């Protein structure tokens, strides 16, 4: 038989047969399985029964869905002919066990939400990255050899038309070279004195330049977005930042000892998910518990938490708890989807949660409804504070020759001795200097009528064993060792005085809560000691007073002994932060780059060369908070200039950044290279320079692990058996690729060695090291976990309790908290707190989202509050501009405050608070633009897009009370403009005629909604916003889609976005150098800045706006929006609808 | 080469040329078009295929000048446009129902798999890939003829018919209507449409052509109007809606 060889086959192509002058692959897209004989294979006659049965699947495999909603579900993909045709739950959660054999229940099943069901449509969607893209202008800048201005070192502007430039698809290897060259060039440019001179001439704050200490690598910033969603693929960027130390040795010729790495941005705090007051009370990053704890609680109080919408796979815990008899009350700013799962609904004025909590605390304290035992043994409320200097009284001040107590519940170490790895810590580690500074404290013993020294070990039963009966109220006199008589008061007493302002009447007025509801809440809490679940969402966390609110929540929880009990504890539920449970991570993320361990059976030697910083400075114009005569950013927090930025899995750093248009217009032009890893083209990609096309969750060829905040499971991303859909690579391969390029460029193998096991396809080595060094994973082997995962079964972290409850060990085992006193601290004695008036957990008005004078401290006569005044800071009291407001400490009583106005009220139309909570159905930006998700997301979904003005098949809208809308001539469904403070939004320096302004000014649909009170506007957060490309597309595309013709990026807005009205806010007490808090990993206690623990969190719900009608809502801008005209929408009910609502059709 | 084999070969060449023409433009290929070589080869092939009498070569003849006018950047820009409007026009499954698109994609991949082809870097419903598949099956048919393997010849002929009937023959007409306004891709798509029609005629098949055009359907409006116009309890209309179930099912399921 004659056969056709490959050579023969070539003859049958156009190129072969016609001898063409051009060449192309003989088969460009399809690859024959038999390469030598590409035409030789034929199927049987009945092939169609095998290959074309639409209802069969050939195989299944599992993958982990890890979006930014953080729940993380392992899912089963059904595959036919290599295509994922559907996605379903694995039903393997009930088989999950921990190392000791504890098994999860079937009640975790099924774990899969609406987003996951349609996920395969995203894997195969049009916005997938098909390879690695480089912006043309950037490509040319690199090829031109990085030309710069002689004077200031800035690159020429013509290379930096981000957002409007075209893109080139380049081989991954070429992109690796480009990124390596950019790192080296930028790092070199800004090193040493010449670099400092350039930066000075570019106008950077001198404190930032000092912070660099001459190391150009300090302008190289990295960020693995929500890194717990991929502990090697995302946290690999921490490792990259650490590796920059090798680059520093080349740039500055330093020794490894003196080398400095790059910088890594924060995550949890950048997303405004960190509850910043938790470490202020407990020293702990976040006190929380698994959501399954709901079933153990008798009373569940939801505070700004839209549980049903935002915790989709875990929403059943709430509904089931209620079925079992738990009482559920929600406090929110609108009647939300969760409200109908509750017994009582309290709709409050936005940002006043803390005032409500203080009102409740006052009732509990005044009516003696609190748990005296808990208060005396676990809190600082009985501890004495000096009224002269507002500091805790120290034993050394009143006891001559006092020697610090030897602690039994902490290891005191000297700074020159290294602390053992975090995974080995069995108790707290405190350095001797801090221990000396903290001293020991005193309470007033009622039995002896004398002060009594206590130390930080003396909590719970240990305190009781002393036999001391501490006073809670009272002023006392003590004589110091130098003979002075000073007055001291208990924290409880000081608080009681402060809380006098928070009468139920005042609180009712401040918060809009009925008096009865406030009283009821206090009673419910008092009746449910150790069995109340205080579940807090992001609502109250996104105001400038968030830290104070956390202190209030802890106060109420502590007063009612609702901390650390299974069934009785508090929790803040947002973001993904339980990285502390993977405390073996230093093995990977900060392995010493100069001595990488290449023996797979040995453990790595961690050594940090990188530094961290908060991304909030970047979004604040890349500068710290310096105002009047003072730099308010503590020295431990000071950022460095951002010149190179590489981030992965994160649209939040640009596309969903607070004040994103200010970032794009004013800050990002100062950044010289922006590199991003993505599998779905986002707004951040639009403004990047290099975008690595990476694998989707279904295509991972390199395994990984992740964890979640709301459940105890440890999830694995098993290796995927399906082919990559496009020309993508793994995130971690991009780091390894750039490292290899750096090795080639510098002829230094150390870069390459740092990723040794990635090239070998043995990421397991890194994962096993992490497992081996992590307290909650010890005993596991990654290969076993991967095999389980492949069968749809997650593993469980080895925790002491299920559900996990932070504080359980303190409350049940009498262990100290991570504070100076070892107790929950409601008083803050540090100078930064005293001078802001936040030594007490005071209530401050929101900084922008208020009808009254912003950020005012509400207090009656409280001598223990002595904040610094504006004139002491070098500005005037009447200065109410946005920068001044952040550091403006003005005290007013409620009666005084309620007579004031927001400064914008002087301008016409400004009278609305604008909120952007996280939304239903989509819950975060990851899936929201998927057509079949978008249509569900709101009332404007229309797959057919009858109205060509629609940006997509659904679109962004704002909820507005019908009365407010009518007052502004706005009908249901109309397009409207929303404008925030013209001083700085949408960006500093905007002008009406700017094309940037057109992109940035927010336009959206108005949606009549009676569930929001008058004066409040609400728009769902985390949508894909407008870019220069989408506005161009919207105006030029024949079909009107707001889609960038050059990139396929799809906006849900015609113009602007939900971040058009927000800005960066930096809170002074979030930037202290003195706050004591636990480190991320292990139990070592430190102080000052720590990413995701003590740093700014922003305040994206702080906006005060006006609304203006833009266009009619009817199709093409003519007449009413159809459903409004039909008479079936809220506020537009026709007679038929009214009769229906009145139940007149019931027979 | 026998006459039959030559005709098959010319068919394979048309598919091959079209496959490259719908791929992301490269400088090489656009030079090839601009020089007139693309047109020459295409017209030569058409002339060898008597059933293509209705295929208007004009749509191919204009392409050289269109490239001259647009230059490479202009063609690339058009390509970016046609792949970034409300749908990327070059993927079959973007024309399919949203809820069954992946089933269709798996079906396409099943054709490839059955004939021992795999793919990478692109989804299987990408037009150039579908065109390339047709070309490869035709070449397999030539091989089978050469080897006198009657059953394999039949299988190859059948699969061409099946693939045209189930896939490529269904959506090319709709794609061509979308691409009509484009300087380069308009005539190219019009040619592809006529070519596929001629192929279907040759095979004696009439594919169920997709005529679903986003934005034209009024079924939802009709229901809203009905509810709005009649003074009855809105919920009572649920029953009436069910009358439209069949039409709705077609749209949504």
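We did not get these values from a lab; they are worked out from the coordinates using the rules stated. Owing to the predicted nature of the structure, the values given are computational and were not obtained by experimental measurement. Reconstructed Cβ throughout: ideal geometry from the backbone, glycine too, with neighbour counts over all protein chains shown.
Take peptide B:97-107, look around each residue's Cβ out to 10 angstrom, count Cβ atoms belonging to other protein chains, and average those counts.
The per-residue average across the peptide is 6.
Expressed as cubic angstrom per residue, what is the convex hull volume of the alpha carbon set of the protein assembly as shown?
185 Å³
At q = 0.16 Å⁻¹, what is the log10 ratio I(q)/I(0) for the range A:1019-1100, with the Debye formula run over Cα points and no solvent?
For the range A:1019-1100, the Cα-only Debye profile gives -0.69.
For the range A:296-354, what is the per residue volume of the convex hull drawn over the alpha-carbon atoms, in cubic angstrom?
So the per-residue hull volume is 76 Å³.
Which value, in Å to one decimal place, does the Kirkwood hydrodynamic radius take for the range A:359-503 when every pair of different Cα atoms is included?
16.8 Å
Using alpha-carbon positions, what is the distance between the centroids of the range A:51-89 and the range A:847-868, in Å?
54 Å
Quick one: angle between helix A:546-559 and the longest Cα principal axis of chain A, in degrees between 0 and 90, rounded to 10, please.
Roughly 60 degrees between the two axes.
Against the globular-protein guess of 2.2 N^0.38 Å, express the Cα radius of gyration of the range B:3-203 as a ratio, rounded to two decimals.
So the Cα radius of gyration is 1.00 times the expected 2.2 N^0.38 Å.
Along its principal axes, what span do the Cα atoms of the range A:419-552 show, with the longest given first and each in whole Å?
50, 46, 31
Quick one: A:249, A:532, fewest Cβ neighbours within 10 Å first, how do they rank?
Lowest to highest Cβ neighbour count: A:249, A:532.
Which whole-number value in Å³ per residue fits the convex hull of the alpha carbons of the range A:782-920?
Residue-normalised Cα hull volume stands at 242 Å³.
If we count other beta carbons within 10 Å of each Cβ, what is the order of A:1003, A:434, fewest first? Write down the numbers at each step before the final one.
Working: A:1003 23, A:434 15.
Fewest-to-most Cβ neighbours within 10 Å comes out as A:434, A:1003.
Over the range A:728-785, one equal point on each Cα, no solvent: what is log10 I(q)/I(0) by the Debye formula at q = 0.18, 0.25 Å⁻¹?
Log10 of I(q)/I(0), two decimals: -0.68, -0.93.
Given the -39500 (n - 2.57) contribution per DSSP H run of 4+ residues, what per-residue ellipticity at 222 nm results for chain A, rounded to the nearest 500 deg cm²/dmol?
Estimated from H runs of four or more residues: -6500 deg cm²/dmol.
If eta is 1.306 mPa s and T is 10 °C, what Stokes-Einstein diffusion coefficient results for the range A:710-823, Kirkwood Rh from Cα pairs, in µm²/s?
90 µm²/s
What is the range B:11-94 by shape, rounded, prolate or oblate, if you read a ≥ b ≥ c off the alpha carbon gyration tensor as root eigenvalues and call it rounded for a/c under 1.5, prolate for a/b larger than b/c, and oblate otherwise?
Working: a/c = 2.12, a/b = 1.34, b/c = 1.58.
Here the range B:11-94 falls in the oblate category.
From the C-alpha gyration tensor of the range A:24-103, pull out the three semi-axes of the equivalent ellipsoid (sqrt of 5λ each), sorted largest to smallest, in whole Å.
38, 17, 13
What is the helix-to-structure angle for A:192-201, meaning the angle in degrees between its Cα long axis and the longest Cα principal axis of chain A, kept from 0 to 90 and rounded to the nearest 10?
In chain A, helix A:192-201 runs at an angle near 80 degrees to the longest axis.
Which angle from 0 to 90°, rounded to the nearest 10, does the C-alpha axis of helix A:515-527 make with the longest principal axis of chain A?
For A:515-527 against chain A, the angle is about 90 degrees.
If each residue's Cβ is checked for other Cβ atoms within 10 Å, how do B:37, A:896 rank with the fewest at the top?
A:896, B:37
Using all alpha carbons of the range A:62-129, what is the percent of pairwise distances in each 5 Å bin, ordered from the shortest bin to the longest?
Over the range A:62-129, the share of Cα pairs per 5 Å bin runs 3, 16, 22, 22, 17, 9, 6, 4, 1, 0 percent.
Over the whole of A:42-50, what's the average partner chain Cβ count within 10 Å per residue? Rounded to a whole number, please.
6
Which three numbers, in whole Å and largest first, are the semi-axes of the equivalent ellipsoid of the range A:1043-1147 derived from its Cα gyration tensor as √(5λ)?
49, 24, 15
Two-decimal Rg/Rh of the range A:658-729 from alpha-carbon positions, Kirkwood Rh? Let's see the in-between values first.
Numbers: Rg = 16.3 Å, Rh = 14.8 Å.
Answer for the range A:658-729: 1.10.
Out of every Cα pair in the range A:841-893, what percent are spaced more than 16 Å from each other?
38 percent
Report the equivalent ellipsoid semi-axes for the range A:890-1017 in whole Å, largest first, defined as the square roots of five times the eigenvalues of the gyration tensor built from alpha carbon atoms.
30, 19, 15
Between the range A:966-1033 and the range A:688-710, how far is it from one alpha carbon centroid to the other, in angstrom?
Between the Cα centres of the range A:966-1033 and the range A:688-710 lies a distance of 33 Å.
Give the Kirkwood hydrodynamic radius (Å, one decimal) of the range A:980-1129, defined as one over the mean of 1/r across all pairs of different Cα atoms.
Taking every pair of different Cα atoms in the range A:980-1129, averaging 1/r and inverting gives 18.7 Å.
Please work out the C-alpha center-to-center distance from the range A:483-516 to the range A:633-664 and express it in whole Å.
Taking the Cα centre of the range A:633-664 as reference, the centre of the range A:483-516 is 39 Å away.
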